[in-house]
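Before I ask anything, here is the structure I am working with.
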Amino acid sequence: MSLHPRLVEVTERIRQKSQPSRDAYLGRVAAWAAKEPVRKGLSCTNLAHAYAAAPAGDKIMLREQRQPNIAIVSAYNEMLSAHQPLEHYPEVIRRAAREAGATAQFAGGVPAMCDGVTQGQAGMELSLFSRDVIAMSTAIALSHQMFDATLCLGVCDKIVPGLLIGALQFGHLPTIFVPAGPMTSGMENKEKARIRQLYAEGKIDRQGLLEAEEKSYHGPGTCTFYGTANSNQMLMEIMGLHLPGTAFVNPGTPLREALTAESARRAAAITALGRDYIPLAQVIDERAIVNGLVGLMATGGSTNHAIHLIAIARAAGIVIDWTDFDDLSAIVPLLAKVYPNGGADVNHFHAAGGMGYLIARLIEAGLVHEDVQTVMGQGLSRYAQEPWLDEGRLAWRASPAQSQDPKVLATVEAPFQPDGGLRLLAGNLGRAVIKVSAVQHEHRVVEAPAVVFDSQDALIAAFKRGELEKDFVAVIRFQGPRANGMPELHKLTPSLGVLQDRGFKVALVTDGRMSGASGKVPAAIHVTPEVLAGGPLGRVRDGDLIRLDAEAGVLEALVPAELWAAREQPTADLGGNEHGYGRELFAAFRHVATGAEEGAMSFMLPQ
């Protein structure tokens, strides 16, 4: 089927505005590419250091410098359930590489913090910038000039974007992402949300809440709701950086181990030393970025990617903004209902047909670019397949032609809603994004007086005092990257949800982030420019009438123009978030961070 004309239009617009920076990026990549291992340029001392501790057989191959050497860059730690399975991946990879006539070395580890642990705590103020630390750590791991390909082991929120941003600085190297998969299903997500609201209302105690949380997060693997971590896995698949069908296979299964081993063999096969050279810079182009945007809309993915995908694109010399998101959202139907957009979890999504079914339907509808390069070769159609074990051997077969559960995966002809999950809001408060896939239509337009706060804790305290039993728009300012590192404000969800359930018209407007699990309460987030940078959100005062209209894309303070223009910006009291928990070390990051619509980056990529 021919491509949708709007898809073609947006892709061409991105290509044109990106041409100078993209050409410069590809020029640098071409200068780094070589048909021989780059380690041939190292001195004997350099080489001896690099494989001094290698096993004897690997040492011979590394000394001969004729066979591929694969870098393993891992975000393993035991605290992230999604990353705990990665502990044993390096040995699986090394063994598979040897079988393929290659070697693999653990090149470096990158930090991996868990937003689920730091959510609502001071440590969350390091979360967004951990992405940039991960990118730099990836670059350090690959800087030894010893490698012909890269395997990136990571799953969660800032980790996959950071790994990809770092790897793109070595765009001449083939790169494959190797995930761990989701944990098995625990407590139903809607029940978990219900218990959280009961706790917010004081109707159950902390012990009851903890028991529910332990039933939800109970074993190795990724959290099963469709937040940023699982949105990452969707993106890596639809952008052609996974092996097909890899995203949502549970850890600790024979199929998962087979996919991990095959990732190593495939990485060895696509280096410049062979006949099927597929560098990362060829995989991530304008079409792949657009495919990622389409996947985000079709699944109601994480709002965090309104920041991360922009930063990823810029690392490849590609310029996108929220207008591109919004234009694609208008033509891409919502095809998945996964919590918080529905009752299912990602295991149900996978069982219903998963990524193979989704990608096949998008290709048929002309809503993605099929003619892209992937780590499997030319064509996204390779990803309309699912892996399986055929008498113990890894193989692929066509994904189901029909949804195995129409309540979880829909068709393009009869979608859950006719447009995508993310939208742009604009007006005299700036530009913002809103996730609407989990917001009921009757809650998508809110016009109510503002109640202004400088922290999420202040709002929760007001809720507990009974001061918010009314229609209102919560304005939470000084939450942008320069102010405090832009922590997620997911801690607000239960309280605002309670008030909405009581029949009040409520909404959130903030220059901070909400969450990959943004839910049923309308939230205009990432408002840019942020208040600390002089953004107009700082002019809002208690009682100002605010209009948030997700249908028309409007975010406005209904204040007379003369009065609005005369107002001064508030003074920020940031002393409480500059010290402790390592925040001192990130002062420079906060000082130079770009705005949310520019990727909230703390470094300037060459353009």
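If I ask for residues that are buried (at least 21 other Cβ atoms within 10 Å of the Cβ) and more than 14 Å from Pro174 (Cα to Cα), which ones from region 138-152 would you list?
Thr138, Ala141 - these are the residues of region 138-152 that are buried (at least 21 other Cβ atoms within 10 Å of the Cβ) and more than 14 Å from Pro174 (Cα to Cα).
Just give me the residues in region 572-598 being in a loop (DSSP other than H, G, I, E, B), under 25 Å from the mean Cα position of the chain (by Cα) and within 15 Å of Arg482 (Cβ to Cβ), in sequence order.
The first filter runs over region 572-598 and keeps only residues in a loop (DSSP other than H, G, I, E, B), leaving 572-574, 578-582, 593-595.
Subsequent filtering for residues that are under 25 Å from the mean Cα position of the chain (by Cα) retains 581-582, 593-595.
Scanning region 572-598 gives Ala593, Thr594, Gly595.
Separate question: Of Arg590, Arg583, which residue is of a type in the set (Lys, Arg) and surrounded by 22 or more Cβ atoms within 10 Å (Cβ to Cβ)?
Arg590
I've got another one for you. Give me the pairs: first residue in region 488-517 and assigned by TED's automatic domain parsing to the domain that holds Gly535, second residue modelled with pLDDT of 95 or more and charged (D, E, K, R), beta-carbon distance under 6 Å, and six or more apart or on different chains, which are they?
Phe504/Asp471; Lys505/Asp471; Asp511/Glu530
If you take the residues in region 64-87 that are more than 30 Å from Thr184 (Cα to Cα) and surrounded by fewer than 24 Cβ atoms within 10 Å (Cβ to Cβ), which one is modelled with the highest pLDDT?
Gln67
I'd like to know if region 84-99 contains one or more residues that are of a type in the set (Ser, Thr, Tyr), within 19 Å of Pro220 (Cα to Cα) and under 20 Å from the mean Cα position of the chain (by Cα). Steps first, answer last, please.
The initial filter retains those residues of region 84-99 that are of a type in the set (Ser, Thr, Tyr), namely 89.
Next cut, within 19 Å of Pro220 (Cα to Cα) only: 89.
Imposing the further condition that a residue be under 20 Å from the mean Cα position of the chain (by Cα) reduces the set to none.
No, the conditions are met nowhere in region 84-99.
Okay, next question. Quick one: is Gly543 in a helix (DSSP H, G or I), under 26 Å from Leu563 (Cβ atoms) and assigned by TED's automatic domain parsing to the domain that holds Glu442?
no
Next question, about the same structure. Being in a strand (DSSP E or B) and either out of contact with any Leu (no Cβ under 7 Å at 6 or more places or on another chain) or under 21 Å from Arg583 (Cβ atoms) (or both) narrows it down to one of Leu128, Leu151, Leu164, so name that one. Give the steps one after another, and end with the answer.
On the way: Leu128 fails: in a strand (DSSP E or B); Leu164 fails: in a strand (DSSP E or B).
Result of the check over Leu128, Leu151, Leu164: Leu151.
Going by the structure shown, is Arg567 charged (D, E, K, R), more than 15 Å from Arg131 (Cα to Cα) and at pLDDT 85 or above? Give the steps one after another, and end with the answer.
Numbers: charged (D, E, K, R): yes; more than 15 Å from Arg131 (Cα to Cα): yes; at pLDDT 85 or above: yes.
Answer is yes for this residue.
Which one of the conditions (1) free of Cβ contacts under 8 Å to residues at least 40 places away in the same chain; (2) on the phi > 0 side of the Ramachandran plot does Gly430 fail to meet, given that it meets all the rest?
(1)
Sticking with this one: For the list (1) more than 20 Å from Gly120 (Cα to Cα); (2) modelled with pLDDT of 95 or more, I need the number of the one condition that Leu459 fails.
Leu459 satisfies all of (1) more than 20 Å from Gly120 (Cα to Cα); (2) modelled with pLDDT of 95 or more except (1).
Condition check ((1) among the small types (Gly, Ala, Ser); (2) exposed (fewer than 13 other Cβ atoms within 10 Å of the Cβ); (3) within 17 Å of Val283 (Cα to Cα); (4) within 28 Å of the chain's Cα centre (by Cα)) across all residues:
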site	(1), (2), (3), (4)
Leu3	no, no, no, yes
Val8	no, no, no, yes
Thr11	no, no, yes, yes
Lys17	no, no, no, yes
Pro20	no, yes, no, yes
Leu26	no, no, yes, yes
Ala34	yes, no, no, no
Pro37	no, no, no, no
Leu42	no, no, no, no
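Additional query: So if I check each of Ala313, Ala268, which one is surrounded by 24 or more Cβ atoms within 10 Å (Cβ to Cβ) and either over 23 Å from the mean Cα position of the chain (by Cα) or among the basic types (Lys, Arg) (or both)?
Going through Ala313, Ala268 in turn, just one is surrounded by 24 or more Cβ atoms within 10 Å (Cβ to Cβ) and either over 23 Å from the mean Cα position of the chain (by Cα) or among the basic types (Lys, Arg) (or both): Ala268.
Would you pick out the residues in region 503-522 that are modelled with pLDDT of 95 or more and of a type in the set (Lys, Arg)?
Passing the criteria: only Lys505.
Are any of the residues in region 368-391 touching a helix residue (DSSP H, G or I) at 6+ places or on another chain (Cβ under 6 Å), without any contact (Cβ under 8 Å) to a residue 24 or more places away in the chain, part of a loop (DSSP other than H, G, I, E, B) and not polar (S, T, N, Q)?
Within region 368-391 (the criterion being touching a helix residue (DSSP H, G or I) at 6+ places or on another chain (Cβ under 6 Å), without any contact (Cβ under 8 Å) to a residue 24 or more places away in the chain, part of a loop (DSSP other than H, G, I, E, B) and not polar (S, T, N, Q)), the answer is yes, since at least one residue qualifies.
Test each condition in (1) out of contact with any Pro (no Cβ under 8 Å at 6 or more places or on another chain); (2) under 18 Å from His305 (Cβ atoms) for Leu128 and report the one that comes out false.
Condition (1) is where Leu128 drops out.
How many residues does region 415-448 hold that are surrounded by fewer than 22 Cβ atoms within 10 Å (Cβ to Cβ) and in contact with a Leu (Cβ under 6 Å, 6 or more places away or on another chain)?
4
Report, by residue number, each residue of region 350-367 that is surrounded by 20 or more Cβ atoms within 10 Å (Cβ to Cβ), part of a helix (DSSP H, G or I) and small (Gly, Ala, Ser).
Selection gives Gly354, Gly356, Ala360.
Where in region 1-96 are there helices (runs of 4 or more DSSP H), lying wholly inside it, with at least 2 residues that are under 30 Å from Ala180 (Cβ atoms)?
Details: elements: 5-32, 44-51, 56-64.
Once the helices (runs of 4 or more DSSP H) in region 1-96 are filtered for at least 2 residues that are under 30 Å from Ala180 (Cβ atoms), what remains is 44-51, 56-64.
Going by what's in this entry, would Leu273 be described as among the aliphatic types (A, V, I, L, M) and modelled with pLDDT under 95?
yes
Any chance you could count how many residues in region 188-208 are part of a loop (DSSP other than H, G, I, E, B) and more than 22 Å from Pro340 (Cα to Cα)?
The qualifying residues number 4.
Ala352 fails exactly one of the following numbered conditions: (1) under 30 Å from Leu173 (Cα atoms); (2) under 26 Å from the mean Cα position of the chain (by Cα). What is the number of that condition?
All conditions pass for Ala352, except number (1).
On the given criteria, is Gln402 over 17 Å from Asn230 (Cβ atoms), crowded, with 16+ Cβ neighbours inside 10 Å and not hydroxyl-bearing (Ser, Thr, Tyr)?
For Gln402, the condition - over 17 Å from Asn230 (Cβ atoms), crowded, with 16+ Cβ neighbours inside 10 Å and not hydroxyl-bearing (Ser, Thr, Tyr) - is not met.
The values are calculated or read from the model by the stated rules, or taken from the named source; none is laboratory data. In this text the structure is predicted, and so the values were computed from the model without any measurement. Quick reminder, even Gly has a Cβ in these numbers, built from the backbone with ideal geometry, and neighbours come from all protein chains shown.
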